[in-house]
There are 2 protein chains.
Amino acid sequence: ATVDKGVDFANYFCTYAFLYHQKDMLSDRVRMDAYFNSVFNNKHHFVGKTVLDVGTGSGILAIWSAQAGAKKVYAVEATKMAKHAHELVKANNLQDVVEVIEGSIEDITLPEKVDVLISEWMGYFLLRESMFDSVICARDRWLKPTGVMYPSHARMWMAPIRSEVADHKMSEYEVCMDDWHGFVTETKSYYGVDMSVLTKPFSEEQKKYYLQNSLWNNLDPNQVVGTATILKEIDCLTVTVDDIIEVKANISSTITKEDTRLCGFGGWFDVHFNGRMENPAECEVELTTAPSIDDGTHWGQQVFLLHPPVRVNKGDEILVNFLMNRSKENHRLMNVDLGYEIKLSSGQMLPPVRNKFYIE
Amino acid sequence: ATVDKGVDFANYFCTYAFLYHQKDMLSDRVRMDAYFNSVFNNKHHFVGKTVLDVGTGSGILAIWSAQAGAKKVYAVEATKMAKHAHELVKANNLQDVVEVIEGSIEDITLPEKVDVLISEWMGYFLLRESMFDSVICARDRWLKPTGVMYPSHARMWMAPIRSEVADHKMSEYEVCMDDWHGFVTETKSYYGVDMSVLTKPFSEEQKKYYLQNSLWNNLDPNQVVGTATILKEIDCLTVTVDDIIEVKANISSTITKEDTRLCGFGGWFDVHFNGRMENPAECEVELTTAPSIDDGTHWGQQVFLLHPPVRVNKGDEILVNFLMNRSKENHRLMNVDLGYEIKLSSGQMLPPVRNKFYIE
Ligand SMILES: Nc1ncnc2c1ncn2[C@@H]1O[C@H](CSCC[C@H](N)C(=O)O)[C@@H](O)[C@H]1O
Ligand SMILES: Nc1ncnc2c1ncn2[C@@H]1O[C@H](CSCC[C@H](N)C(=O)O)[C@@H](O)[C@H]1O
């Protein structure tokens, strides 16, 4: 499937051309601290080295790399944000080290291979946006065989949760359908047209909107009602696009709270800055987007809600069958197929349930 | 300038593929009543005739045309909504009269020319979306020389207004800039990067967002503080794309309220269903989107705010120099250049002011 560049810009890149959006990311202290510490506590990876920043945005990671002692930094950015990055580099007196290049990483050419590839490519639930494809492409073309990836590892997590949002969404959906029924009656009586044949497609459209879209949420750790499990582990140095084009996992989670409700599942990710085996980090850094009271991120968690919620109890086991792949219409969005079965601590199995979700 | 079809779909057509959006339009009673009355009070234009509905959406106008006695109706729709229109036609037993065709009106072919071209093509402030281009194209290719346009005429209006939103928007902008200054200070102290060089571009981006975007508003007629003036008159039977690609007008408005504030200008439109000179309507119908307490429409008015507002008084005259043309990046969005001069009733002229606005 080839991607139309113009469409990709209209759907995806356009938002990154706003300073407002870059500022949102630059204001995420958990994100910023992780990258800052990973660079400045591992200067041995940077001093005198060449670095490629894939998707430099405002230029922040390229600037830090230069400040940490890099000899040369290539900072590649697809959008007009490149112009601002260039100004920022100059204002911080790094124009002799950092070279900002406006263009898609897939299209540009560098004069040399690099020692470090740094990038902040993570989307919601890690893989939304599919930007990691571009990082893999850059790695294969421009990273030396001995090169280091920043970050070096990534993991996707999932845990059962409780949430009142499940009830809200269901009642929003019901209000919307009530309104529709009034609309059908009025259109018939005022305008002589019977719209009832559209009730089914309308309800499907609205079900998708209210009930099947995954939601951004900053969960309270208290809302996690069972053990969190790893869905996917990625070694950024060796992973291929084929390895991430689909995420498939059978996991099991045990309910850890007494008499509670299973309202859905929360998904999040973490990434690690460990260097590589032959050239490890001196100080390993982790960036996690797990539920947290004080250390929330702009990624939050993606929540997949169940309708209706199910009563569960401590010791019950949830067997989850997870499949995520890319939307056919837009490879940067994801479809999730989430099946689960509950094995009560009594040993009884509840009937299996399957749900489709959209990460849009 | 050629338009990339995929990009146009991503930016524009996509919204019309949702029943939710079609329902919004179908719930606009002012709009619905106007089209309904124009068709059913002018059956002589429809009985035994052939009709083309450009952009049929749910199919409503095609169905009414058939119910009013048309012999054949071609209902053309670019999006997947065509499928629903087809179902609606069948459910209302009109499949022998109404033929739904999925495709761009620019691309499809009809087996014959038609007697009536009906279309609901109006965007915010009439011309946003530039869909009238498609109607003109359809008219030139498929309307008989004796054919009738529904609607037959359109006008753009403008009037000076007062509005508290001007103050809100300015204070939102100021809060946003305060926040930016805090961000610059923190980024310097925590992360060693001086972002102040981006202050100017950021403030321009935010000024555009908060102060230069025209706003959707349902104005109270009381907010109109001066005489309303016509900016543009269109005869749908004869107008060309060249006539609407740019709207240029010098108009003058007299303040009608004692001691008030000029906070900006409100823009709206009306369309008329008058048939044509040789074949006039029996019952002329008007659809207006002017400020109204009871008869608001989903179009509302477009508001262009001035910062800061200006004190004016009854009898003062506002000379407005209005220029609207299409955005270079997206021909369906508009740029407005709005200059004005105030001639006080004392005869004194205040210095002229020019503002740029975006209808996005
Ligand atoms: N294929 C590609 N080529 C170049 N830039 C890309 C790209 N895919 C995404 N990007 C850019 O990558 C950026 C990701 S957001 C991260 C920005 C910055 N590195 C920071 O950490 O703050 C966006 O600005 C986006 O426009
Ligand atoms: N060039 C084109 N060819 C075909 N359909 C078009 C078009 N430009 C716009 N449209 C369609 O025109 C519709 C305009 S909205 C009006 C819908 C319907 N006639 C009603 O009155 O309720 C949208 O559904 C849009 O997809």
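The values are calculated or read from the model by the stated rules, or taken from the named source; none is laboratory data. Predicted, not measured: the structure shown is a model, and the values here were computed from it. Glycine gets a Cβ as well: all are built from the backbone with ideal geometry, and neighbour counts include every protein chain shown.
Some points to look at:
- Filter result for A:Val184 (β-branched (Val, Ile, Thr), farther than 19 Å from A:Asn355 by Cα and within 9 Å of another protein chain (Cβ to nearest Cβ)): no
- Hits in region A:48-79 (condition: at negative phi, within 11 Å of ligand 1 (Cβ to nearest atom) and assigned to a loop (DSSP other than H, G, I, E, B)): A:Thr56, A:Ser58, A:Ala78, A:Thr79
- Every test in (1) touching a residue at least 24 places away in the same chain (Cβ under 8 Å); (2) within 14 Å of chain A (Cβ to nearest Cβ); (3) hydroxyl-bearing (Ser, Thr, Tyr) is passed by B:Thr199 save one, and that test is (1).
- Enumeration of residues in region A:14-67 that are of a type in the set (Asp, Glu) and without any contact (Cβ under 8 Å) to a residue 60 or more places away in the chain: A:Asp33
- Test: residue in region B:21-32 that is within 13 Å of ligand 2 (Cβ to nearest atom), part of a helix (DSSP H, G or I) and more than 19 Å from the chain's Cα centre (by Cα): no
- For the criterion of being assigned to a helix (DSSP H, G or I), surrounded by fewer than 21 Cβ atoms within 10 Å (Cβ to Cβ) and either within 9 Å of chain A (Cβ to nearest Cβ) or at pLDDT 95 or above (or both), B:Val39 fails.
- When region A:13-28 is limited to residues that are surrounded by fewer than 16 Cβ atoms within 10 Å (Cβ to Cβ) and within 8 Å of chain B (Cβ to nearest Cβ), the one that is nearest to A:Ala154 (Cα to Cα) turns out to be A:Ser27.
- Residue identified as buried (at least 18 other Cβ atoms within 10 Å of the Cβ) and over 30 Å from A:Ile244 (Cα atoms) among A:Trp157, A:Trp142, A:Trp180: A:Trp180
- Hits in region B:38-85 - residues which are closer than 22 Å to B:His272 by Cβ and of a type in the set (Ser, Thr, Tyr): B:Ser38, B:Thr56, B:Ser65
This table checks each residue for (1) touching a strand residue (DSSP E or B) at 6+ places or on another chain (Cβ under 8 Å); (2) within 12 Å of ligand 2 (Cβ to nearest atom); (3) of a type outside the set (A, V, I, L, M, F, W, C); (4) within 14 Å of chain A (Cβ to nearest Cβ).
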| position | (1), (2), (3), (4) |
| --- | --- |
| B:Leu88 | no, yes, no, yes |
| B:Ile105 | yes, yes, no, no |
| B:Ile108 | yes, yes, no, no |
| B:Val116 | yes, no, no, no |
| B:Met122 | yes, yes, no, no |
| B:Glu129 | yes, yes, yes, no |
| B:Leu143 | yes, no, no, no |
| B:Gly147 | yes, no, yes, no |
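- Test: A:Phe202 is surrounded by 20 or more Cβ atoms within 10 Å (Cβ to Cβ), modelled with pLDDT of 95 or more and over 21 Å from the mean Cα position of the chain (by Cα): yes
- The one condition in (1) over 30 Å from A:Val285 (Cβ atoms); (2) touching a strand residue (DSSP E or B) at 6+ places or on another chain (Cβ under 7 Å) that A:Met158 fails to fulfil: (1)
- Subset of region A:261-295 that is within 14 Å of the chain's Cα centre (by Cα) and outside any strand (DSSP E or B) - its residue that is surrounded by the fewest Cβ atoms within 10 Å (Cβ to Cβ): A:Ala290
- Checking each residue in region A:87-112 for being more than 12 Å from ligand 1 (Cβ to nearest atom) and outside any loop (DSSP other than H, G, I, E, B) picks out A:Glu87, A:Val89, A:Lys90, A:Ala91, A:Val98, A:Glu99.
- Residue match in region B:217-229 (condition: within 14 Å of chain A (Cβ to nearest Cβ), in contact (Cβ under 8 Å) with a residue 24 or more places away in the chain and more than 22 Å from B:Phe322 (Cα to Cα)): no
- Hits in region B:258-290 (condition: charged (D, E, K, R) and in contact (Cβ under 8 Å) with a residue 60 or more places away in the chain): B:Arg261, B:Asp270, B:Arg276, B:Glu278, B:Glu282, B:Glu286
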